[in-house]
Amino acid sequence: MKPSLFNRSLLLLPISGACLIYQPANAQLYIDGHIGFVTTLVDDGELDDRLSGQGLSGSATAKNTTRIGGRFDVGWRWHPNWSVETGYVFLGDAELDIEGTGPIDKDDLEAIRIGSGSGPELALKGQYALSDKLEAYGRAGFWMWSADYSAGSSVDTTFSGLDPLIGAGVQWQFKPRWTASFGWDGYKADQDMNHMFSVGAQYYFGKKPKPTKRTAEPTEEKITEIYASELNTIPEELTTAATNEAKNSTEPAVESTAAATTASKAITSTESAAESPAAAAIANTATTSTEPAAESAAAATTASSATTNTQAVTSGAQNTVAATTAAAVTSVNIASKIKTDIFIQRELQDLKMLLAFNAGDTKLKIGDEKFNRLAEWLKAHPEAKMRISGHNDNQEAVSKNETLSYERAATVARILISKGVPSEQLRLEGLGASKPLFDNGTEVGRRINRRVELTLE
């Protein structure tokens, strides 16, 4: 005696429950609905052979071999490239007419019937990215089908079974949480194969993880070469900027020095020129004492004006000297800044390769002493701001990625603060898996993407 469909369906419950209840951090739950046409590839000649095999005469005719069908699943995407689906399949019932055979029993009907039905399914599904929004998929598993059959008034029964299923198709993401799909599924039911061609839609609870393409994994030697070139080379644009700024800052200083010299000469000449008219006016006043008082007053006014002009020229020269001094100080500051920039850029490059993390971890692999020089520089330059950006690979859920990457940035910030750097100089951000350096489809690529980056602002 065969077990009932209900008893067989119970076998799916612990498997489906384990898949949907136990979810790692990066798992994504989704629902998937499909509707389409179902075709059972069986012809009248094959049915006649089945009759003959049972020792029955007469003929059989297949009916309703093409019909409407569909499936509804709940999926668990536990990896960007892998999912598990469980749900219900409805394939409809194919029919056949039997003539000239006389009475038949249940065994005869089971041998000649067209296999189809409906029931629960469980399938493993693999996805592969063809582009940012398009992916191909394949699925395989098993389903527990059941169908009602009757032969006149003598036989009225239900047949059921457990058989494999396979499928393939493409999915296109048209919204952040929605995809549309077109696919083929093959459902075996005893000796017959049912083909379903359908269209469907999937809704993801949370941002759908993008599947990754398998690419050549970068070698350790290549990675070391890339980092070594960065560690030993100051960026060309920084060196060029330093040279230009040094040149531009020197020229004004030279020009200002020349201006100061000219101004100094002008002061000397003006003072001499001022003294001569003043002395002449006094002498003239003393000798020509009999002239009217008005003339003496005019001479006094002339002398006063000469003195005032002398003071104005002197004040202008002093301003010129002050401006020249300020320009020279600015030149020194710019040169110092350029030297400091080159130093801190090299320091940040030295740290770049060291700020790596294990999967799912926020603990650095290096000691706190590696941050000593950076901390001292930041304390000596309170005007500087440091952006600390945490990153992760794509093996976690979106919300988990952002939290984990932020915690990694916070780890670095806590070390700097413990060394006396004011928290006001630091800005933290968690970027999750949004800015990978290498392909997340490789182990080495994922290891590099789990990092923290430091940027001066």
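The values are calculated or read from the model by the stated rules, or taken from the named source; none is laboratory data. What you are looking at is a predicted structure, and each value in this text was computed from that prediction instead of being measured. For neighbour counting, all protein chains shown are included, and Cβ atoms are generated from backbone atoms with ideal geometry for every residue, glycine included.
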Of the listed residues (L91, L124, L134), the one being under 21 Å from L41 (Cβ atoms), touching a strand residue (DSSP E or B) at 6+ places or on another chain (Cβ under 9 Å) and assigned by TED's automatic domain parsing to the domain that holds G169 is L91
Scan the range 362-397 residue by residue and report those that are under 18 Å from L428 (Cα atoms), under 21 Å from the mean Cα position of the chain (by Cα) and in contact (Cβ under 8 Å) with a residue 60 or more places away in the chain. R387, I388, S389, G390, H391
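The rows are residues; the columns are (1) assigned by TED's automatic domain parsing to the domain that holds F72; (2) in contact with an Asp or Glu (Cβ under 6 Å, 6 or more places away or on another chain); (3) over 27 Å from E95 (Cα atoms).
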{"residue": "M144", "(1), (2), (3)": "yes, no, no"}
{"residue": "T157", "(1), (2), (3)": "yes, no, no"}
{"residue": "Q171", "(1), (2), (3)": "yes, yes, yes"}
{"residue": "P176", "(1), (2), (3)": "yes, no, yes"}
{"residue": "A180", "(1), (2), (3)": "yes, no, yes"}
Out of curiosity, is S9 among the hydroxyl-bearing types (S, T, Y) and either at pLDDT below 85 or not assigned by TED's automatic domain parsing to the domain that holds D192 (or both)? yes
For the range 362-384, check the following and say yes or no: at least one residue is modelled with pLDDT under 85, part of a loop (DSSP other than H, G, I, E, B) and either touching a helix residue (DSSP H, G or I) at 6+ places or on another chain (Cβ under 6 Å) or crowded, with 16+ Cβ neighbours inside 10 Å (or both). no
